[in-house]
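Single-structure report; data block below.
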Amino acid sequence: MNFPSTRLRRLRRNYNLLDLVSETRLTVSDLVYPIFVTFGAGKKVPIEPMPGIFQLSVDQLAEEANEIKSLGIPAVLLFGIPEKKDSAGSRGIDSKGVIQQAIRQIKAEVPDLIVITDVCLCDYTDHGHCGVIDGDTVDNDRTLNLLAEMSVSHVEAGADIVAPSAMMDGQVGAIRRALDSSGHSMAAIMSYSAKYASGFYGPFRIAAESAPQFGDRSSYQMDIANRREAMIEIQQDINEGADITMVKPALAFLDVLREARDRFDTPIAAYNVSGEYSMVKAASQNEWIDGQRITLEILTSIKRGGADIIITYHAKEIASLLS
Ligand code: PBG
């Protein structure tokens with residue numbers, strides 16, 4: 001493979017040739033669109049750091065789900081913002097809660113849109129942590145029951161896939177057992193397996209009103225410095241019954257994603273998180289970058305890095321550019 005017999009520019013002569021030999025194809029069927037569902041009615045509240053993204057009340061979801069479906073996006077990931085928060089996050093488990101209503105609404109309107117739900121306490125707790133508090137720490141094992149109950153309530157409302165994101169040890173196993181013993185053995189689990197304690201979640205916490213009121217999440221989410229530990233997290237989740245595993249955030253952790261892809265055979269999701277979205281939007285609003293071009297570059301990189309599924313706030317705006 002030496003010059004001059006090898007000339008890699010031969011296949012770069014025009015866009016048709018480039019397209020013919022392209023190694024990575026981003027398609028709309030790879031994408032999952034996150035939705036923030038809020039209590040009340042008639043609400044479409046803009047989220048300031050995430051231009052184009054809104055908190056929607058349940059009555060807005062029929063239109064939203066139809067639009068998503070018509071764009072060819074196969075799945076949504078739901079987050080709930082309850083009217084009241086308490087120390088145990090009990091609104092998250094309520095069968096009439098905002099998320100349970102949202103699931104029913106979407107499934108009634110567009111039954112074949114895949115509904116994935118985030119399973120975590122932080123949206124529902126007044127202290128903003130992902131589990132129940134004992135003194136100044138999050139109690140792992142007491143949280144497991146609540147995550148399991150929350151998962152069952154989501155599936156009973158119609159969710160296809162539950163996505164535990166609390167980073168409690170044993171959460172996937174606890175949820176699998178609870179689903180199986182309540183007659184939901186076909187409900188799938190997408191685990192946020194390698195979820196890092198990241199600054200990139202800042203805009204999300206404004207969107208979901210879920211910032212921790214004291215301390216941070218470093219006693220349960222992963223240290224950003226660690227790659228091998230992520231492999232243990234993913235392996236454990238697979239052992240406990242995860243159907244899909246996840247690396248999150250995506251862009252600053254592409255090495256972790258690649259290693260996971262090379263080691264494991266589950267479908268792997270990557271979450272192109274809120275901070276990644278906000279940075280692109282802020283820079284493109286200033287016309288410092290070409291937002292659409294950068295978005296396609298980022299999402300293609302995430303796919304090239306090994307993701308089968310990409311969760312992204314950009315899904316709606318780029319769907320029509322993809323096949
Ligand atoms: C819930 C959860 C978070 C995100 C997804 N699920 C916030 C957090 O852990 O603080 C972040 C998603 C994003 O930033 O887009 N635990």
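Is there a residue in segment 12-24 that is in contact (Cβ under 8 Å) with a residue 40 or more places away in the chain and either out of contact with any Pro (no Cβ under 7 Å at 6 or more places or on another chain) or under 26 Å from S323 (Cα atoms) (or both)?
Yes: segment 12-24 contains one or more residues that are in contact (Cβ under 8 Å) with a residue 40 or more places away in the chain and either out of contact with any Pro (no Cβ under 7 Å at 6 or more places or on another chain) or under 26 Å from S323 (Cα atoms) (or both).
Which residues, counting only those in segment 16-40, are away from the ligand (no atom under 16 Å from the Cβ), closer than 18 Å to I268 by Cβ and outside any helix (DSSP H, G or I)?
Across segment 16-40, the qualifying residues are E23, T24, R25, L26, T27.
Go through (1) in a loop (DSSP other than H, G, I, E, B); (2) more than 9 Å from the ligand (Cβ to nearest atom) for M231 and report which single condition fails.
(1)
Taking L78 as meeting all but one of (1) under 28 Å from M279 (Cα atoms); (2) in a loop (DSSP other than H, G, I, E, B), write down the number of the exception.
All conditions pass for L78, except number (2).
Given the criterion under 16 Å from P111 (Cβ atoms) and free of Cβ contacts under 8 Å to residues at least 60 places away in the same chain, identify the matching residue among A41, A62.
Answer to the check: A62.
What tally of residues in segment 147-167 results from selecting those that are of a type in the set (A, V, I, L, M, F, W, C) and either assigned to a helix (DSSP H, G or I) or surrounded by fewer than 24 Cβ atoms within 10 Å (Cβ to Cβ) (or both)?
Here the count works out to 7.
Please work out which residue is surrounded by the fewest Cβ atoms within 10 Å (Cβ to Cβ), limiting yourself to segment 82-139 and to residues that are free of Cβ contacts under 8 Å to residues at least 40 places away in the same chain and farther than 25 Å from I311 by Cβ.
Top of the filtered list is G135.
Within segment 267-281, is there a residue that is among the basic types (K, R) and more than 15 Å from the ligand (Cβ to nearest atom)?
No; the residues of segment 267-281 include none that is among the basic types (K, R) and more than 15 Å from the ligand (Cβ to nearest atom).
Just give me the residues in segment 30-59 being surrounded by fewer than 20 Cβ atoms within 10 Å (Cβ to Cβ) and farther than 21 Å from R205 by Cα, in sequence order.
Of everything in segment 30-59, those that are surrounded by fewer than 20 Cβ atoms within 10 Å (Cβ to Cβ) and farther than 21 Å from R205 by Cα turn out to be A41, G42, D59.
Against the definition (touching a residue at least 60 places away in the same chain (Cβ under 8 Å), surrounded by 21 or more Cβ atoms within 10 Å (Cβ to Cβ) and not hydrophobic (A, V, I, L, M, F, W, C)), how does S191 come out, yes or no?
no
Restricting attention to segment 199-216, and to residues there that are surrounded by fewer than 21 Cβ atoms within 10 Å (Cβ to Cβ) and under 18 Å from G131 (Cα atoms), which single residue is farthest from the ligand (Cβ to nearest atom)?
Within segment 199-216, the match that is farthest from the ligand (Cβ to nearest atom) is F214.
Of all residues in segment 127-146 being within 15 Å of the ligand (Cβ to nearest atom) and either in contact with a Pro (Cβ under 6 Å, 6 or more places away or on another chain) or part of a loop (DSSP other than H, G, I, E, B) (or both), which is farthest from Q235 (Cα to Cα)?
Only one residue tops the list, namely H127.
Only one of D223, D255, D169, D237 is within 16 Å of the ligand (Cβ to nearest atom), over 21 Å from N145 (Cα atoms) and among the acidic types (D, E). Can you tell me which?
Criteria check complete, one pass: D223.
Exactly one of these conditions fails for W288: (1) touching a residue at least 24 places away in the same chain (Cβ under 8 Å); (2) more than 30 Å from G135 (Cα to Cα); (3) not in a helix (DSSP H, G or I). Give me its number.
All conditions are met except number (1).
Would segment 172-193 turn up any residue that is within 10 Å of the ligand (Cβ to nearest atom), within 21 Å of V115 (Cα to Cα) and in a strand (DSSP E or B)?
yes
Bear in mind that the values in this text are calculations on the coordinates, not laboratory data. Predicted model only: the values in this text are computed from it and were never measured. All Cβ positions, even for glycine, are placed from backbone atoms using ideal geometry, and neighbour counts span all protein chains on display.
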